[in-house]
1. Which of rounded, prolate, oblate describes the stretch B:176-315, given a ≥ b ≥ c as roots of the alpha-carbon gyration tensor eigenvalues and a/c under 1.5 marking rounded, otherwise prolate only if a/b is larger than b/c?
2. Determine the shape class of chain B: with a ≥ b ≥ c the square roots of the Cα gyration tensor eigenvalues, call it rounded for a/c under 1.5, and otherwise prolate if a/b is greater than b/c, oblate otherwise.
3. Taking R0 as 22 Å, what's the FRET efficiency between residue A:190 and residue A:82 from their Cβ-Cβ distance, rounded to 0.05?
4. Give me the one-decimal nm value for the distance between modelled label points at residue A:72 and residue A:39, 7 Å along each residue's Cα-to-Cβ direction.
5. Would you mind ranking A:39, B:152, A:364 so that the residue whose beta carbon has the fewest other beta carbons within 10 Å leads the list?
6. Using θ = phi - 60° and the Karplus relation 6.51 cos²θ - 1.76 cosθ + 1.60, list the HN-Hα couplings for the stretch A:192-200 in order, rounded to whole Hz, with x at every Gly or Pro.
7. Please say if the stretch B:1-80 is rounded, prolate or oblate, where rounded means a/c under 1.5 for a ≥ b ≥ c the square roots of the C-alpha gyration tensor eigenvalues, and otherwise the choice is prolate for a/b larger than b/c and oblate otherwise?
8. In nm, to one decimal, how far is the modelled label at residue A:24 from the one at residue A:354, with both set 7 Å along Cα→Cβ?
Amino acid sequence: MERPVARRVRSERDLEELIARRKENFRKKVKFALAFSAIIVVFGQVYSMLGREGTLGPLDMSVWTHRIFVVCLYVLAFYIFLKIAYRYFDRIFFKYRTNTWELTWRRFRRNNAANLGLLIIITLVIVAVFAHLLAPYPDPSKTVNYDPNYALKHLEEPPSKTHILGTDRNGRDMLSVLIYGSRISLALGLSVELTASLIGIIFGSVAAYYGGWTDKLLNVINDIVMAFPFLLFVIVLVSVFRQVYFSIKLPFTDIIIFDSAKIFALWNGLFLIFVALALLNWSGVYRVVRSRILSVKEMEFVEAARAVGANDRRIIFRHILPNVLSPIIVLVTLGIASVILTEAALSYLGFGAAEGAVSWGRAIFEGREYATTSKAFLVFFPGIAIVVSILGFNSLGDGLRDAFDPRMKR
Amino acid sequence: MREYILKKIGLMFVVLMGVYTIVFALCVAAPGDPARIALGRADNPLARQILREKWGLDKPVIQQYFQTLKSMITLDFPQSFRYRENVGDLILSRLPRTFFLGVIAIGVSILIAIPAGIVSAYKHNSIIDNITMVASQIGVAVPNFWLGLMLIVVFYTKLHWFQIGAPEHLLSLEGLSKVALPAITLGTGMAAVTARLTRSSMLEVIREEYIMTARAKGLSERVVILKHAFRNALLPVVTVIGLQFPLVVGGAVITEQVFGWYGLGQLYIRSIAARDYPVIVTTTLLFTIGVVVTNLVVDILYTYIDPRVKYEKVK
């Protein structure tokens with residue numbers, strides 16, 4: 001739906017001029033917003049360096065407030081940038097604007113559970129991005145920060161003032177472990193889902209476009225992937241390739257092209273999990289993309305667009321893709337939750353993050369022997385972190401689904 | 001219909017072959033030598049050579065592939081590397097436990113989910129409804145193994161209500177006491193999904209006109225809800241209970257590990273550590289057959305529960 005153009009516009013040339021002026025205006029505002037947020041960021045960086053403490057030990061309360069203030073500054077800068085950019089983007093490109101996204105957003109805002117989910121996810125992202133500022137102790141996964149003399153005196157401590165959530169069996173602060181662990185969970189969830197949905201989109205559109213035996217072959221592959229007991233496959237894949245060093249050498253050279261030990265060492269041993277999950281998680285996106293494209297491609301509006309003279313690119317990007325995009329967004333959001341769960345389960349079984357790495361599943365794995373003792377808090381807190389974040393992703397995904405497609409409302 | 005089923009069964013074999021090939025390829029590509037792991041400290045080249053010959057690992061890969069395939073088809077299973085037992089006997093000795101756990105877990109989930117779903121649909125948008133829905137959201141979000149650990153903390157360490165571990169006999173007081181916590185752990189996750197589905201399916205049915213007719217006839221509310229509404233709302237519920245079978249498989253692996261329940265899942269994990277290929281291949285195939293067959297049965301059940309569903313010839 002188009003917004004009425006200002007009254008003084010009389011001819012096509014006027015309109016073009018107006019758009020050009022607004023584009024110029026938009027560029028100026030974006031530059032301003034960028035400069036403004038850059039100033040805030042620089043200020044925040046300097047401020048955080050002033051109040052930084054590198055040694056291992058309980059943080060001063062004032063230092064912590066400083067850091068939280070810095071994080072708030074960053075978030076504010078980002079928010080201002082987003083807001084200005086959105087407003088001017090909206091005004092400049094009003095010509096092409098459709099109302100769908102705004103309607104979706106309005107429906108989404110009305111849904112309380114979905115808003116709660118969004119809040120949880122935003123908090124989680126902020127915590128993950130600013131982990132180095134928010135954690136009361138330095139990165140526990142780095143051996144540089146590990147002081148054995150201090151740690152040995154603080155093994156498996158219950159929650160106290162110096163360690164708000166207690167310490168784990170290595171004497172590391174549990175709150176810091178959880179805060180840095182959120183990075184692993186989020187990074188793994190996002191990267192797996194993005195890769196998997198890319199595979200799903202490519203396979204799905206190829207199957208829908210070519211049809212015939214290509215379609216049949218891809219369907220059989222999809223059936224195999226879906227019938228495979230998911231967790232078992234990941235366990236086999238990870239355990240097979242993790243322990244043993246083997247490499248493929250190119251003949252006559254010293255170049256090693258495949259080195260499993262090095263690949264496993266990437267991301268604290270989570271790279272193999274990433275590969276396994278990305279290879280197995282695409283079937284949801286594949287099915288949705290395939291069926292949507294098959295049904296949308298035959299619809300009248302595509303025909304109408306073609307009749308009006310739209311080229312293939314316009315049809316794909318303006319008419320087919322937006323119809324496929326919304327279920328993919330929902331699937332990705334819900335998929336991140338399941339990836340986080342799977343990572344935790346694998347780490348619990350001992351096939352996940354490597355020794356010394358910080359991850360929520362790993363923390364439960366390390367605390368599992370204490371479940372029958374009085375130190376059950378060692379398992380309790382990491383679990384709460386997992387539950388809350390999965391709750392966030394699930395309710396966000398459900399809310400998005402309801403907002404995108406109000407007819408599907410349950 | 002018949003054609004459809006035959007086609008599905010044909011596809012099933014293709015899928016099974018695919019899964020078998022992948023698992024076999026993974027086992028072959030795995031760099032660890034099972035003979036060395038089995039020998040442990042007694043490892044020496046001669047003994048290793050003898051073991052490898054005995055297990056047929058010295059033959060070419062293609063020959064191994066078809067030999068294992070043949071033994072799977074004729075149900076003449078090879079020997080396990082780790083347990084020095086026939087794989088068939090080994091799995092048969094563990095299968096009842098996993099099956100027992102799975103059945104009780106599904107029972108628990110149905111017992112929780114269906115009443116909860118019906119009540120929350122009947123009292124739509126009430127406090128009970130909201131509580132049920134929040135509980136089901138949390139139920140989906142809680143990791144299985146963590147819930148198990150928390151149940152151990154509360155009901156075993158603190159309250160001493162139940163025992164944990166593997167029982168001698170399944171159908172005894174001890175067996176029931178020991179299966180309770182794992183079954184609740186596995187069951188609640190499934191119950192959360194089933195309850196939501198029961199609710200939404202009931203909500204759809206309750207709005208239909210024949211429910212109004214049934215009420216107008218003067219039938220009691222119980223008969224209206226249970227006989228008229230619930231029966232028609234059953235179809236998607238049955239489907240989802242059937243489709244949860246893979247969940248039981250995956251969940252059982254973790255839950256058995258948490259509770260020391262000596263079933264198939266734990267056998268699987270230990271076999272992987274020992275590179276016990278016959279067990280890995282056979283167990284994976286068994287689980288896959290379970291998943292595929294359940295899907296097929298659910299497909300066929302669909303037409304019997306709801307005669308409106310028909311499978312057209314797919315072009």
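A short reminder: the numbers here are calculations on the coordinates, not readings from a lab. Note that this is a predicted model, so its numbers are computed, not measured. Cβ: placed from backbone, ideal geometry, glycine included. Neighbour counts: every protein chain shown.
1. Details: a/c = 4.28, a/b = 1.87, b/c = 2.29.
Here the stretch B:176-315 falls in the oblate category.
2. On the way: a/c = 3.19, a/b = 1.65, b/c = 1.93.
Since a/c reaches 1.5 but b/c is at least a/b, the shape of chain B is classed as oblate.
3. On the way: r = 19 Å, r/R0 = 0.86.
Working from the Cβ atoms, E equals 0.70.
4. 2.0 nm
5. Numbers: A:39 11, B:152 22, A:364 26.
Taking fewest neighbouring Cβ atoms as first place, the list is A:39, B:152, A:364.
6. Coupling constants for the stretch A:192-200: 4, 5, 5, 4, 5, 6, 4, 4, x Hz.
7. Numbers: a/c = 3.54, a/b = 2.89, b/c = 1.23.
Prolate, because a/c is 1.5 or more and a/b exceeds b/c.
8. Between residue A:24 and residue A:354, the simple spin-label model gives 5.7 nm.
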